[in-house]
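First comes the structure, then the notes that go with it.
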Amino acid sequence: ENVIITIIEGFRKYVNEDIRFIYVSLDGSIRDILNKKNIEFEPMKKLTVKEVHRVINKYKPDLIHAHDFTASIICAAASGKIPVISHLHNNSPWIKSYCLNSFVYGLSCIKYKKILGVSSSVFDEFVFGKQIKNKTQVVGNPIDIANIVELADKAEDTESFDIVFLGRLTEQKNPLRFINIIKQLANEDRSVRAVMIGDGEMRDDVENEIKKYHLESNITLKGFLDNPYGILKNSKVLCIPSSWEGFGLVAVEALALGKPVTASPVGGLRNIVTNECGMVCNTDEEFIDEIYKLISQNSYYTDKSLSALKRADEINNIREYILNMEKVYESYRR
């Protein structure tokens, strides 16, 4: 959602041409966010070919920018002669094997004018990656450092913690691994305080795991927050224990606020996080050792915090990203 919103706002800022964007998705809390940002929203009852047909007939778009696998497949089936761009944000495990999902997406690729990926690993790992190579383009993610800092300054919730988990409570983000890491850190220091920001289908599992290990005083569940950057700014370390990722945008957001990042070696995180600004961790032990050093050794933390700001500045690309996306759009608009 953040990427799509950033693209829309970026076009308003950097592109002179008046392009009308309609944000289409299932209804929910996203409605309020888009309202505040003055972005047109068309809710769907279900993500189906029939519903996408309805939206197409209502707005008659020149171009459909579909995000991730399921939306791309459905838009390909519903779009008729309207060009479709498929934009992939994560490396789902199934892309590595010959299975129903990979065959269906592979067949749908015939329809796409362009297939965008947030990192080269998305295409390298896809079993049909070679067959679609002429349609693919790695675009990364739009990084607007100034906007992240501004949001952090405006945030209402500014509570501080030692360690932050920021993401959906889903299998991909591996929240149970995060709880296990905090459990082991708490064995060393009972005063360790962590926060989990986000919601999802694993919410009950997360709550049960926290209770099981008596970590209620160590882990605070915040649920979904419109603006989590105040907490991120006032806390010390971001921990990303994901099982898979596409790009890993939250890592850059943390770096922009001077926060060292500990992360799994998946997707784009391997290229974002360096030993100077945090650590890519292969094992729980590496996560635990690095986090403990960051929250207990002031000079060690300060060095990595300064390097985090420097790394974020290197990655900052918002204007370039938007102008590149404009070229993609112009190539395939009817």
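The values are calculated or read from the model by the stated rules, or taken from the named source; none is laboratory data. Predicted model, so just to flag it, every value in this text is computed and none were measured. Note that each Cβ is placed from the backbone with ideal geometry, even for glycine, and that neighbours are counted across all protein chains shown. Note: accessible area is taken over every heavy atom of the protein model, side chains too, but ligands, DNA and RNA are not part of it. Shrake-Rupley method; radii C 1.70, N 1.55, O 1.52, S 1.80 Å.
Using only the heavy atoms of the protein chains and a 1.4 Å probe, how would D62, D153 rank by accessible area, largest first? Don't skip to the end; give the middle numbers.
On the way: D62 70, D153 95 Å².
Greatest to least solvent exposure: D153, D62.
With a point put 7 Å past each Cα toward its Cβ, work out how far D205 is from I315 in nm, to one decimal. In this crude label model, D205 to I315 measures out at 2.6 nm.
Considering only DSSP states other than H, G, I, E and B, which trypsin sites (Lys or Arg not before Pro) in the range 188-254 qualify as loop sites with at most 12 other Cβ atoms within 10 Å?
Working: sites: R190, R193, R203, K211, K212, K222, K233, K236; in loops: R190, R193, K236.
Answer by residue number: R190.
Considering helices alone, the calculated mean residue ellipticity of the chain at 222 nm is -13500 deg cm²/dmol, with DSSP H runs of length four and up weighted by -39500 (n - 2.57) and normalised per residue.
Carbon and sulfur: what percent of the chain's accessible surface (1.4 Å probe)? Intermediate results must be reported in sequence, preceding the final value.
Details: 7660 of 16080 Å².
After summing per-atom areas, the C and S share lands at 48 percent.
Inverting the mean 1/r over all pairs of different Cα atoms, compute the Kirkwood radius of the range 1-120 and quote it in Å. Walk me through the numbers before you get to the answer.
Details: mean 1/r = 0.0650 Å⁻¹.
About 15.4 Å for the range 1-120.
Taking the convex hull of the Cα atoms, report for the range 168-312 its projected area averaged over all directions, in nm². Present the calculation step by step, with values, prior to reporting the outcome.
On the way: hull surface 30.7 nm².
That works out to 7.7 nm².
Pairs of Cα atoms in the chain fall into 20 Å distance bins, from 0 up to the last occupied one, in shares of 30, 58, 13, 0 percent. Estimated at the nearest 10 Å², the accessible area of E207 is 60 Å² with a 1.4 Å probe. If you take the alpha carbon atoms of the range 71-143 and fit the smallest convex hull around them, that volume is 86 Å³ per residue.
Return the ratio Rg/(2.2 N^0.38 Å) for the range 268-334, where Rg is computed over Cα atoms only. If you can, show how the numbers build up before the last one.
Details: Rg = 17.7 Å, N = 67, 2.2 N^0.38 = 10.9 Å.
My calculation over the Cα atoms of the range 268-334 gives 1.63.
Note on the chain: with a GNM built from Cα contacts shorter than 10 Å, the maximum mean-square fluctuation among L166, L47, L232 falls on L47. Note on exposure: E276, E245 ranked by accessible area (1.4 Å probe, complete protein assembly) read E276, E245, with the most exposed listed first.
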